[in-house]
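I am attaching a structure below and will ask some questions about it afterwards.
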Amino acid sequence: MPEFHPRLRAHGRVAILVSRYNELVTARLLEGARACCRAAGVPDEDVDVVWVPGAFELPVAAAAAAGSSRYRCLVALGAVIRGETPHFEYVAGETTRGLGEIALRHRLPIGFGLLTVDTLQQATDRAGGSAGNKGYEAAEAALLAADAVAHLDGGDAAD
């Protein structure tokens, strides 16, 4: 097989799943993800945004979106900030595991935009601050992976 380099381009419908918890941060991640979709040529009307209560609910929303067969890729956005209890590890780990399982089960790229940080400052730095916008990067990864998957399936990635 010749070498293939996926391109950032329109890929049909995209679902962006966003946690309301830490909305100060996740709203900025959403702005970045939307900007990436626009840069790829995905029209705003082909981007569905679904808000969920927290990061832990992202996998069940992703499972529903994946099961609908409506989307070429998903983007999951959330922010889990370490506290004084082990809650951080449980939420971050189970959310990550759940999203990975759904992506594999449905052969559907899911851009991983779950920030796992120690402080609110680290989160804001990664949501459009000094460390860039991880929402943009998650959408970019999902769109590029969708292009690669379409190529591997033998179809036109721009369908």
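Throughout, read-outs are computed from the coordinates displayed, never taken from laboratory work. Since the model is a prediction, treat every value here as computed from it, not as a measurement. With ideal geometry, Cβ positions are generated from the backbone for all residues, glycine too; neighbour counts draw on all protein chains shown.
How many percent of DSSP beta bridges within the chain run antiparallel, rounded to 5?
Restricted to the chain, the bridges split so that about 10 percent are antiparallel.
For the chain, what is the relative contact order in percent, using Cα pairs closer than 8 Å and at least 6 residues apart in sequence?
In percent, rounded to a whole number, it is 32.
Based on the Cβ-Cβ distance of LEU24 and TYR90, what FRET efficiency does E = 1/(1 + (r/R0)^6) give at R0 = 35 Å, to the nearest 0.05?
About 0.95, to the nearest 0.05.
Which entry is the computed semi-axes √(5λ) of the Cα gyration tensor in Å for this structure: (1) 35, 18, 13; (2) 38, 19, 10; (3) 26, 17, 14?
Only one listed value fits the structure, namely (3).
What's the center-to-center distance, using Cα atoms, between segment 1-59 and segment 71-91 in Å?
Taking the Cα centre of each part, segment 1-59 and segment 71-91 sit 16 Å apart.
Any chance you could give the angle, 0 to 90 degrees and rounded to 10, that helix 58-67 forms with the longest Cα principal axis of the chain?
20 degrees
How do VAL42, VAL91 line up, fewest other C-beta atoms within 10 Å first?
By the 10 Å Cβ count, ascending: VAL91, VAL42.
What ranking of HIS87, HIS5, HIS151 emerges when the number of other C-beta atoms within 10 Å of each C-beta is taken as an exposure proxy, fewest first?
HIS5, HIS87, HIS151
Given Cβ point charges of +1 (Lys, Arg) and -1 (Asp, Glu) and nothing else, what value in debye, to the nearest 20, does the dipole of segment 14-150 about its Cα centre take?
Once rounded to the nearest 20, the dipole reads 200 debye.
Within a 10 angstrom radius of the beta carbon, how do ASP48, ASP118, ASP147 rank from fewest other beta carbons to most?
Neighbour counts put them in this order, fewest first: ASP118, ASP48, ASP147.
Hey, with R₀ at 25 Å, roughly what FRET efficiency would ARG82 and ARG105 work out to, going by the Cβ-Cβ distance, to 0.05?
Once the sixth-power term is evaluated, E becomes 0.25.
Also, quick follow-up: Name the residues of segment 114-134 whose amide N is less than 15 Å from a point 7 angstrom out from the Cα of LEU8 along the C-beta direction?
Only 128, 132-134 fall inside the zone, counting backbone N under 15 Å.
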